[in-house]
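The values are calculated or read from the model by the stated rules, or taken from the named source; none is laboratory data. Nothing here was measured: the structure is a model prediction, and the numbers come from that model. Please note: Cβ atoms are built from the backbone with ideal geometry, for glycine as well, and neighbour counts cover all protein chains shown.
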Amino acid sequence: MAWKSKLILPFAKRASAKLLYEASHAIAYQEKIMQALVRQARDTQIGRELGFDTIRSYTDFKNQIPIRDYERMRLYIDAIVAGKSNILWPGRPRYFAKSSGTTSGVAMKKSSTSRKWMRTSSAA
């Protein structure tokens, strides 16, 4: 075995063991991330309306959070575009992404994006 392989082998074994451990506990990790996201958004307008402070499990989340299309979210999006904060996520977004999706008959949809959201979603 080459010296580089010998040097890297302990790190590769540790990384492999960590990956296998995390994969075998994926549901628990997902639940933990979901709880962190719900906790962060509980004091937003939508968090208060939907009772985020009472969500303790995926089942609670599934039962309390309705599936909504863009049109049902439009009032929230419009409030954010108008400059209001703490609507769907803490603070005010720095960016708006535009989507040219064709669902619900809207030609151009807006999606808010903040640095905090980007950090949180990349960690997930």
Quiz item: Looking only at helices (runs of 4 or more DSSP H) that fall completely inside the stretch 1-104, which ones have 2 or more residues that are surrounded by 14 or more Cβ atoms within 10 Å (Cβ to Cβ), modelled with pLDDT of 90 or more and among the polar types (S, T, N, Q)?
Solution: 26-41
Quiz item: What number of residues within the stretch 24-63 satisfy the criterion of being under 19 Å from PRO90 (Cα atoms) and small (Gly, Ala, Ser)?
Solution: 4
Quiz prompt | Selected residue (criterion: nearest to GLY51 (Cα to Cα)) from residues of the stretch 13-34 that are without any contact (Cβ under 8 Å) to a residue 60 or more places away in the chain and in contact with a helix residue (DSSP H, G or I) (Cβ under 9 Å, 6 or more places away or on another chain) | solution = MET34
Quiz item: Looking at this structure, is THR54 touching a Pro at 6+ places or on another chain (Cβ under 7 Å) and on the phi < 0 side of the Ramachandran plot?
Solution: no
